[in-house]
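Written out below as structure tokens is the structure these notes cover.
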Amino acid sequence: MKACGPLEPEPLARSKASASRRGTEIPREQWAQTAASLLQGLTPNDIRGGGSAVPTRLMVALPPPFRWARDPQLGTHLSFVPVSTAQPRGFGGPWGAMLSNATWVRNATNPSTVLELAVPVHRGYFIAADETIVIRCDAAAVSGGCRGVLLGSFTIRSATLPAAANALSAITGVVAGAAAVAVVVTGGLGSVLEMQALGVFARMSCASAQERASTVALPYFLSVFAALDPLWMVVGNALLAAVFGCVHCGVTAAFQRWRGVDAASAWAAMRFPSLTYVVAHAMHLGIFFGSVLALAMPDARGHHRVIGVVGVLYGVAFPAGVCYLIARHAGASFTRYWQFLRKPLHERLLYPVGYWHPAAQQRMYGGMLTNVRGSRVYWCVFQLSVLCVVCLIAAVQSPVGGCHVQYFCMAAVLLACAGVFAFTNMMRSSFLTVVHTASFVLLAALCVVSAANHLAPSDGGARAYAAIVLLLATVVLAVTVYGMVVWYAEDRHWQELREPRRGGLEALLRDDEEGEETQKPHDRTSLSYA
């Protein structure tokens, strides 16, 4: 019995005439042969209909001297097997079932060596990455039989370029890294939460291949253990935060003993507990999201549930504990800058409205206080709390066809958060209020686009997703740069910014009387603090 030769899928054609394209020659001694030919011309638009009345046809030719058997059920011996990642809107979805059930017929010109089928039309077909499909043919389909099987493959090219997804992934990774470094250096100015939210979206069960490919690095900003079981996200993040806190506390105590200073001075010099708070804040979203994921797993075991419940309780307790610490132990006050109301409008939009003092408390608790104004101090955990609600929705395993509902719920929460930002003006400057509002609006828009892509996949939706991610990265980068500039200005030139240049206390009081807001007596006396 002869060895099976290579199966040769011919190019797709809209007409019956089609030029033959042979696959790569394979030695006949091999039992399983492969044709490496790629069919050019088949696109997602063809499968969605493409506006043509002539159906696209797939033709498969046997190499000589082989011929197809005379079996009337010849099509049952041919099957399609995907070799690329299954995509729910591609071969892994309804179109794949339609293709597998399509009827093979003999070609009118070469009925003994060529089979063909009409490629089924499915308007919901959408792939974010190229899809490679293997045609497998049993030896029984060949006249006289042969050893082994016949294999051939063809590739459907996605309209979403992989290079674009790779570039987007690199951009978001670099921006998230820069934001994380800036948050640590400045003691809390800036934010990496928006990039962590994109990491949450990428870990959702509803996330498309494009979303995952465009944000490959971002789940690791949630947790360095993001590629492992959700329990590792919870336990790993908790251990990292605890170890850092213990080391930071130990180093601060050693510094106090070595320098012989009081506790407040040592804490201020070592920025304790500010840096510990910044690290715990960065780890919190990964702990909470991993906990909810562990609880939502279909095959969750007892230890998943125990650690999941503990993680969720911690997720609720952390913001409450921060608010309690600020209320009872921070000992800091917020004072408006004396010259703020006299600055031009374009400067007031960017310039912080005031500062936290005394300086020692500002350094000790800067991570909690830096971004918010005095009357809104408890809002420092507002963003984190909102994103925890988003994580709760994102971790739920949606039923088949229900992903759009999940995305719409997240969009509603994010839009509500943006509204609170805009109307309460909780941030320390108008610029921060505007950009943080914009970032949550963009996250909500991203959820809406993802929902639309699930309802009606399209290339336009993929482009809209990429554009919104780029805009969000730009906003986060702007916050990062602004935070670094403000931190440098206040750290190096704080006395010049905070003290009146002439007129002393009388000028200060006169400015207060002319201002839009009346400050409390203890705020006025604290303005001359240096």
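The values are calculated or read from the model by the stated rules, or taken from the named source; none is laboratory data. Quantities reported herein were computed from a predicted structural model and do not represent experimental measurements. Please note: Cβ atoms are built from the backbone with ideal geometry, for glycine as well, and neighbour counts cover all protein chains shown.
Here's the yes/no breakdown for (1) assigned to a loop (DSSP other than H, G, I, E, B); (2) modelled with pLDDT of 65 or more; (3) assigned by TED's automatic domain parsing to the domain that holds Ala359; (4) under 30 Å from Cys206 (Cβ atoms):
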site	(1), (2), (3), (4)
Val469	no, yes, yes, yes
Val475	no, yes, yes, yes
Gly483	no, yes, yes, no
Ala489	no, yes, yes, no
Leu505	no, no, no, no
Arg524	no, no, no, no
With Gly152, Gly90 as the choices, which residue is buried (at least 18 other Cβ atoms within 10 Å of the Cβ), under 19 Å from Pro65 (Cβ atoms) and touching a strand residue (DSSP E or B) at 6+ places or on another chain (Cβ under 7 Å)?
Gly152
Just need a number here: residues in region 334-354 that are touching a strand residue (DSSP E or B) at 6+ places or on another chain (Cβ under 6 Å) and outside any loop (DSSP other than H, G, I, E, B).
4
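With Leu432, Leu446 as the choices, which residue is assigned to a helix (DSSP H, G or I), aliphatic (A, V, I, L, M), in contact (Cβ under 8 Å) with a residue 60 or more places away in the chain and touching a Gly at 6+ places or on another chain (Cβ under 9 Å)? Lay out the reasoning, then the answer.
Working: Leu446 fails: touching a Gly at 6+ places or on another chain (Cβ under 9 Å).
Residue meeting the stated conditions: Leu432.
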Output the residues belonging to region 219-230 that are buried (at least 22 other Cβ atoms within 10 Å of the Cβ) and assigned to a helix (DSSP H, G or I).
Pro219, Phe221, Leu222, Pro230
Contact list, first residue from region 343-372 and farther than 11 Å from Glu490 by Cβ, second anywhere and among the aliphatic types (A, V, I, L, M) and surrounded by fewer than 16 Cβ atoms within 10 Å (Cβ to Cβ), beta-carbon distance below 6 Å, six or more apart or interchain, is Ala360/Ala264
Note on region 233-243: residues buried (at least 17 other Cβ atoms within 10 Å of the Cβ) and of a type outside the set (Val, Ile, Thr) are Met233, Gly236, Asn237, Ala238, Leu240, Ala241
Top-ranked residue of region 186-218 - restricted to ones that are of a type in the set (Ser, Thr, Tyr) and farther than 16 Å from Met283 by Cβ, ranked as surrounded by the most Cβ atoms within 10 Å (Cβ to Cβ)
Ser214
Just a yes or no: is a residue in region 427-442 of a type in the set (Lys, Arg), modelled with pLDDT under 90, farther than 27 Å from Tyr314 by Cβ and surrounded by fewer than 23 Cβ atoms within 10 Å (Cβ to Cβ)?
no
Across region 381-407, the tally of residues that are small (Gly, Ala, Ser) and in contact (Cβ under 8 Å) with a residue 60 or more places away in the chain stands at 4
Only one of Ala300, Ala294 is in contact with a His (Cβ under 7 Å, 6 or more places away or on another chain) and surrounded by 13 or more Cβ atoms within 10 Å (Cβ to Cβ). Can you tell me which?
Ala294
Could you give me the residue pairs with C-beta distances under 6 Å whose first residue belongs to region 456-478 and is over 14 Å from Ser214 (Cα atoms), whose second residue is surrounded by fewer than 17 Cβ atoms within 10 Å (Cβ to Cβ) wherever it lies, and which are 6+ apart or on separate chains?
Asp459/Ala159
Unique match (being at pLDDT 90 or above, farther than 25 Å from Val183 by Cα and in a helix (DSSP H, G or I)) among Leu293, Leu240
Leu293
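When you scan region 105-120, do you find a residue that is closer than 19 Å to Ile156 by Cβ, in contact with an Asp or Glu (Cβ under 8 Å, 6 or more places away or on another chain) and surrounded by 15 or more Cβ atoms within 10 Å (Cβ to Cβ), even just one? Give the steps one after another, and end with the answer.
Taking region 105-120 and keeping what is closer than 19 Å to Ile156 by Cβ, we get 116-120.
Okay, now just the ones that are also in contact with an Asp or Glu (Cβ under 8 Å, 6 or more places away or on another chain), so 119.
Retained after the next criterion (residues that are surrounded by 15 or more Cβ atoms within 10 Å (Cβ to Cβ)): 119.
Yes.
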Quick one: Gly367 ticks every box in (1) part of a helix (DSSP H, G or I); (2) at pLDDT below 80; (3) surrounded by fewer than 19 Cβ atoms within 10 Å (Cβ to Cβ) bar one, so which box is it?
(3)
